[in-house]
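Visitor: Before I ask anything, here is the structure I am working with.
Every number here is computed from the coordinates shown, using simple stated rules; none is lab data. Please read all numbers here as calculations on a predicted model, not as lab measurements. Here Cβ is always computed from backbone atoms with ideal geometry, including for glycine, and neighbour counts include all displayed protein chains.
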Amino acid sequence: MDSASLTSLAANFGAGIAIGLGAIGAAIGEGHTAAQASPAISRNPQMAGEVFKTMLVGQAIAESASIFALVVALVLLFTNLPVSSYLTACAFLGASLSMGFGAIGSGVGSGFPAGATCHGLVRQPAMANKLTTNMLIGSAVCQTPSIFSLVIAFILMFGDYSAAAPAPLWAALIGAGVSTGLSAIGAGLGGGLVAQSCCEGIARQPRAAGALTNSMLLGQAITQTTAIYGLLIGFILLFKHHPETNSIAAAMALLSAGICMGIGGIGPGIGEGFTAQGAVKWIARNSEGIGEITRSMLVGMAVAESTGIYSMVIALVLIFVV
Amino acid sequence: MAIEGVDLIKAAAFLGAGLSMGLGAIGPGVGEGMAAAKACEAIGKNPKEAGLLTRTMLVGQAVSESTGIYSLVIALLLLFVV
């Protein structure tokens, strides 16, 4: 097969992967929000208008991750390629994997705070503004991992590979996409769990709203770290100079570095999300214990992070040592 | 592309190392997060016992960390010994 038709094949196949995987998360997240809005309305039908509005705003934010995926799919389908080579085909595949996987976690995660806000509005109608603001902040942070994926996808799609040797760069291009995309799943989901319990907490204990938002942002920032490791490995794979070689082992080391960091980032992201969710929940119930709770949250998250750091170490060894 | 026996074995070892550490990191990450979540909730209920609860949390997390360390050891063996 010549390189032009291979590139066109990769673009079409990649468009399918990008939007196919990218649609999973947003659909689940929005479904969760709607599933929470209905019982909230039945509890207090007078608030129906307010709850309906909040549901739609929350769903719109959850939708943005899959819109990024749609954009990547459309660019892959309708861009006229100036140069086509085997490397361009691999870059398209990497871009679609990055965006497809990267949209899953953010889509599901953004649905959680929106659902909790629908319940919170019925419980504390007077706190509507604070709840909605908090939902918007929390959901926006959930979207950051999918934005990382979008950035890597665009860099991959619009890179110029005409002067580069194909081996082992092809593996680095796919590895960068896998690393950024998969590691975004955990961070998106975890961030959503934290924002959910913060919205519940504000509805339960409106006086603690400021402290709760601060704790939420602290918890979310730590859940994002594994996505940042994934992005870092992605950038190293893309921009490091890989000496030309025909050895299949050298290519496999680069691909494996991406897979290792990508999969390894999922677990710590979700686990840290659980931790901060529990901590924020109890800061709302016992605001005097905030110091003790925050300290044990940070210690617990640091330990849960360790396997993500092991994955990054193995990925760096695969890139720079072997 | 020249594919020789030694090269192929190295390639498989590198891929295995990445998969070993990547997949092995999921379980401890989620499990330790759950342990820490329950510890935070328990400290919220009873802040006076924070020291005892933190100690219990750390011991529990250290045990669930063990499988992550096994994965790390296997990954390092695949990278440097095989």
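Visitor: Place a point 7 Å from Cα of A:SER42 in the direction of its Cβ. Which residues in segment A:117-134 have their backbone N less than 19 Å from it?
Guide: A:117-123
Visitor: Oh, and also: Residue farthest toward the positive end of the dipole of the protein assembly as shown, with Cβ of Lys/Arg at +1 and Asp/Glu at -1: which of A:GLN224, A:VAL75, A:GLY258?
Guide: A:GLN224
Visitor: If you put +1 on each Lys and Arg Cβ and -1 on each Asp and Glu Cβ, how big is the dipole of segment A:100-245 around its Cα centre, in Debye rounded to 20?
Guide: Numbers: 5 positive and 3 negative charges, 123 e Å.
That gives a dipole near 580 debye.
Visitor: Just A:ALA153, A:ALA257, A:ALA34 to compare: in a GNM of chain A, with alpha carbon springs under 10 Å, which one fluctuates most?
Guide: It is A:ALA34.
Visitor: Let me ask you something else. Assuming R0 = 51 Å, can you tell me the calculated FRET efficiency for the pair B:ALA62 and B:GLU4, based on Cβ-Cβ distance, to the nearest 0.05?
Guide: 0.70
Visitor: Which order do peptides A:67-73, A:173-179 fall in by mean Cβ count within 10 Å, highest first?
Guide: A:173-179, A:67-73
Visitor: Also, quick follow-up: Specify the inter-centroid distance of segment B:12-61 and segment A:51-84, based on alpha-carbon positions, in whole Å.
Guide: 35
Visitor: How large is the helix-only mean residue ellipticity at 222 nm for chain A, computed as the sum of -39500 (n - 2.57) over DSSP H runs with n ≥ 4, divided by its residue count, in deg cm²/dmol to the nearest 500?
Guide: -31500 deg cm²/dmol
Visitor: Then there is this: Taking the Cα centre of chain A as the origin and placing charges on Cβ (Lys, Arg +1; Asp, Glu -1), which of A:PRO125, A:ILE185, A:MET99 is farthest toward the positive end of the dipole?
Guide: Value computed over the given set: A:PRO125.
Visitor: Compare the peptides A:110-122, A:10-22, B:47-59 by average per-residue count of other Cβ atoms within 10 angstrom and give them in order, highest first.
Guide: Descending mean neighbour count gives A:110-122, A:10-22, B:47-59.
Visitor: Still on this structure: Using a 10 Å cut-off on Cβ to Cβ distances, tally the other chain neighbours for every residue of A:69-78 and report the average as a whole number.
Guide: Other-chain Cβ atoms within 10 Å of each residue's Cβ, averaged: 0.
Visitor: Could I ask something else about it? If you find the alpha carbon centre of segment A:239-315 and of segment A:188-209, how far apart are they in angstrom?
Guide: Between the Cα centres of segment A:239-315 and segment A:188-209 lies a distance of 22 Å.
Visitor: Which one of B:ILE69, B:THR56, B:GLY44 is farthest out on the positive end of the charge dipole of chain B, using unit charges on Cβ (Lys, Arg +1; Asp, Glu -1) and the Cα centre as origin?
Guide: Most positive-ward Cα: B:GLY44.
Visitor: How much length would be gained if the chain were fully extended between A:PHE239 and A:ASN129, taking 0.36 nm per residue of separation minus their Cα-Cα distance, in nm to one decimal?
Guide: Taking 0.36 nm per residue and subtracting the Cα distance, the gain is 35.1 nm.
Visitor: Assigning unit charges at the beta carbon (Lys, Arg +1; Asp, Glu -1) and nothing else, what dipole magnitude in debye, to the nearest 20, does the protein assembly as shown show about its Cα centre?
Guide: 1200
Visitor: A further question on this structure: Explain nothing, just the number: dipole magnitude of chain B about its Cα centre with +1 on each Lys and Arg Cβ and -1 on each Asp and Glu Cβ, in debye rounded to the nearest 20.
Guide: With only Lys, Arg, Asp and Glu charged at Cβ, the dipole is about 360 debye.
Visitor: Checking understanding here: applying a Kyte-Doolittle mean of at least 0.0 and a length along the axis of at least 30 Å (C-alpha), which whole DSSP H helices in chain A pass?
Guide: Working: long enough: A:3-43 (61 Å, 0.74); A:48-78 (42 Å, 1.70); A:86-123 (58 Å, 0.93); A:128-157 (42 Å, 1.27); A:166-204 (58 Å, 0.97); A:248-285 (57 Å, 1.03); A:290-320 (42 Å, 1.51).
Helices meeting the criterion: A:3-43, A:48-78, A:86-123, A:128-157, A:166-204, A:248-285, A:290-320.
Visitor: In whole Hz, with x marking every Gly and Pro, tabulate ³J(HN,Hα) for segment B:65-82 from phi via Karplus 6.51 cos²θ - 1.76 cosθ + 1.60, θ = phi - 60°.
Guide: Karplus-based 3J(HN,Hα) across segment B:65-82 equals 5, 4, 5, x, 6, 4, 4, 4, 5, 5, 4, 5, 4, 4, 6, 10, 9, 5 Hz.
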